[in-house]
1. Only Cα pairs under 8 Å and at least 6 apart count here; give the relative contact order of segment 6-120 as a rounded whole percent.
2. Which distance in nm do the two modelled labels at Ala43 and Thr166 give, with both placed 7 Å along the Cα-to-Cβ direction?
3. By the scheme Lys and Arg +1, Asp and Glu -1, what is the net charge of all other residues having a beta-carbon under 9 Å from that of Leu392?
4. Among Asp303, Asp99, Asp343, which comes first, second and so on when ranked by fewest other beta-carbon atoms within 10 Å?
5. Summing +1 for each Lys or Arg and -1 for each Asp or Glu, what net charge is found among the other residues whose Cβ lies under 9 Å from the Cβ of Lys352?
6. Where the only charges are on Cβ atoms (+1 Lys, Arg; -1 Asp, Glu), what is the dipole of the chain about its Cα centre, to the nearest 20 debye?
7. Select from segment 99-150 those GluC sites (Glu not before Pro) which occupy a DSSP coil region and have at most 12 other Cβ atoms within 10 Å, ordered by residue number.
8. Please tell me the relative contact order of the chain in percent, rounded to the nearest whole number, where contacts are Cα pairs under 8 Å and at least six residues apart.
Amino acid sequence: MESRHFEHLPVGAARPEVAHAVCAFLNSEGGTVLVESGAQPVAAQVKAIESELREKLHPPALWSVTPIEREGAGYCMVDVPAGRDRPYTVDGTIYLRKDATTAAASPDEIRALVEGGFRETERWERRLIPGAGLNRLAEGVIFGVARRARAQRNLSLGDNSKSILTALSLFRDGMITNAAEVLFGDNPAQQFPQVRVRVTVYATDKGGDLPDNRQFEGSALLMLDEVFAMLRQHLPVSSTFREGLQRTDRPAYPEAALREGLVNAFVHRDYANFSGGISVDVYPGKLVIWNSGSLPPGLKIGDLTKEHPSMPRNPDIAQVFFLHGLMERIGRGTQKVVAACKDAGLPAPQWKADETGVTLTFYARAKKGAIRLNLREQKILGELELGEVIRLPEYCERLRVSERQGRRDLGDLVDDGWLEREGEGPATVFRRTPKAWQPAKPGQTRPE
């Protein structure tokens, strides 16, 4: 059913209709276009839609077309984030999404779009670096993205660094943009210290010793590979036995979910924040990815686990990650993370956003038979719903314990990943995380 963020085009719909709908979503709040392929092969439909959008849609924008086969029928799913370079046009006409329909913009609506664009300051990623030319970029990485764009997205960006970067809006007036430095720079941290990534491995869930602690700097695409390689070295392997002695090993966290979480951090972080960055903390029972930035206006934490409009903070950087094959469907990364964890039998991952940035926490599979909780802690976990909060005074009253004992119990639950502490001082609350819990069997209760 059509809505403000969804358009369903049946078999026989003309390709211009797809372009009009995509243009409207770019000029509005983003959305998805579902196109039935009918008798035409889905792969051919995908290529035709991509060609139409590249030829007709101006200025160039971030979008993705995904083939889908369901119950013998073929579809093309076009995911469109809200555009950051409005107004967008198709054959010189501006289209908008009005409730559940796509229509050409009126003169007053065009004026409002244009004036809104002028009021917006130039994005950090689009700003030019005075005097900075192509010589400070890694040409091999640039050509690598171009090769992948041609092989995986059927998109030709050019045959030299200048043409490739110009096509990606990363080079103009003889100078590179901030985004080009972040993506392809030989030493971007010298210009922008905030691009660094720190990975810390802790010996216990309570912190303590650091078996490994590294800081990475370099171009974003290379850093992503280096960080992922380090995580592979330190993440435990979960083993299961079948048919006697046959053992199956798998990572404690699905690699697809971890990679997607890291890609989201690189793409959506606030690069303009000189005190920001990305950090990855690895504990025996959880893995935490933090990046500076915030959720787009109007988007809530709960929206991340379901279909939601997408407005990437850095669309030029996101475009390169997409063309490099690191993002499959625009705006669906968070749902992919949730699905991968569910398929692996893990607790649901949890996002948190505050004034410092956005945090994604993965929870490891609970060890069977682990002695973790005392009777009080079990009782409160049995009563708290997912996301529900409790304060120290309330805990002490409900469990009839002293403030000192209450602090110790809540601290244990935080350390073990059952609760998450939010706020400071008297305003501190403890929120129930998605980590799965079942009542302990006799003999598995921690002493009081």
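1. With pairs under 8 Å counted, the relative contact order is 31 percent.
2. 3.3
3. Residues close to Leu392 contribute a combined charge of 0.
4. Ordered by Cβ neighbours within 10 Å, fewest first: Asp99, Asp343, Asp303.
5. Taking every Cβ under 9 Å from that of Lys352, the sum is -2.
6. The dipole of the chain has a size of about 1020 debye.
7. Listed in order of number, the matching sites are Glu120, Glu122.
8. Rounded, it is 12 percent for the chain.
Computed from the coordinates by the stated procedures, all read-outs in this text should not be read as laboratory data. Remember, it's a predicted structure, so these values are computed and weren't measured experimentally. Backbone-built Cβ (ideal geometry, glycine too); neighbour counts: all protein chains shown.
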